[in-house]
Each structure stands twice: as structure tokens, then as C-alpha cells.
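**Student:** Below: one structure in C-alpha cells.
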Amino acid sequence: MAITKQSMDMAIETIKDFFKNLLNPNMKIEDIADVVSSRLDSVIIEHEKNGLHYSAGKFYIKAADEQHFQLAFEMFFKDDNDKWHKLANESELRDISLLEKGAAITVQKLKIVEFPISAPEIKPEVIEEKIAEEKAAAEENKTVQEKFEDITGVKTEKEKIEKPAVSTDKGEK
């Protein structure tokens, strides 16, 4: 199968939202690696369906600064003409408080935690099922504001809402 502009455009669309709704609060490094693993397997399978052959890759958890970290990956594929294709993506900056305390310390000290990406060894249906479960779990953890933003595409500012003063006066005089 030849690699076309359409299949490459589809590949780019596949990875745009790769890191969206991925993290839950208080995650350990191993938990993140497990969640990302099924998504990476899905990306590899999708690209192999489009005629590319997976070769190698790495997944990273990187300290961006004292308060933030990023997730990133890079993968390398070959097409039938032995031409190399690199697929890479990185998340937006994430607040370090999303990580479990030990994980946050590890990421801050090491600066980069790296995992090799191996070719998937499980069936595509199982990967699709795991991803659907992860998305459902992430959806449950969204705030009303995040759900509104997803539906409308409109980003809103979080405003501090003051509680109204509670009156103990019952109107009696």
C-alpha cells in the first residue's frame, strides 16, 4: 500500500488529540505509562494499516519547569520504499500536582523519564476497548465547565464565585 497525502493527513489527525483526557489526579509514572501504552499501540496499528511498518520509538515524561511537566513521544516507521517517517507529539504543559508526590519528585530530579515503545502484541480490538474505557473514565472526571467547553468549543475563564452571605435574620423584629 502506498503512502498518500490523505493517509498522512489522517495520521496527523489521529495524534492531534493523543494526550487529551489522559491524566487523572495523583497518577504514578507506571500508571501514565500503562495508559499511554494502549494509545500508542492503537496509533502503531492504525499506521501499519496505512502501509507503514513500525520500527522504534520512545515515550517521555519531561519536567518543563518547577511547576509543570509534559508528555511526549516519537515513533519511526518505514514505508514500502524504505523511506523513513517520524511521528511525534507532545502535550501541553501539565501541572506537576497531577502527579503522585513520588512521581513528581522523580520527574523533577531526572528531568526526563523515558520508556521504549515496542510494537503491540495484543489484538486491535482489545486496544480499541481499552481506549474506549479510558475515554469513558476521563469523561466521568470532567467538570461541568470542561464538558461545556468540549461541546461548544468555547473556552471559558474559571471565575471565582463568592458564596452569598447567609443571613441568620429570619425577618423577625
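The values are calculated or read from the model by the stated rules, or taken from the named source; none is laboratory data. The structure presented is a predicted model; accordingly, all values stated were derived computationally and were not measured. All Cβ positions, glycine included, derive from the backbone under ideal geometry; neighbour counts span all protein chains shown.
**Student:** So in segment 91-119, with the set limited to residues that are hydroxyl-bearing (Ser, Thr, Tyr) and assigned to a loop (DSSP other than H, G, I, E, B), which one is modelled with the lowest pLDDT? Walk me through how you get there before you give the answer.
**Tutor:** Step one: filter segment 91-119 for residues hydroxyl-bearing (Ser, Thr, Tyr), giving 91, 97, 106, 118.
Those left that are additionally assigned to a loop (DSSP other than H, G, I, E, B): 91, 118.
Details: Ser91: 86, Ser118: 91.
Checking each candidate, the answer is Ser91.
**Student:** Among the candidates Lys62, Lys20, Lys58, Lys86, single out the residue that is basic (Lys, Arg), modelled with pLDDT of 90 or more and either loosely packed, with under 13 Cβ neighbours inside 10 Å or part of a loop (DSSP other than H, G, I, E, B) (or both).
**Tutor:** When all the criteria are applied, what remains is Lys86.
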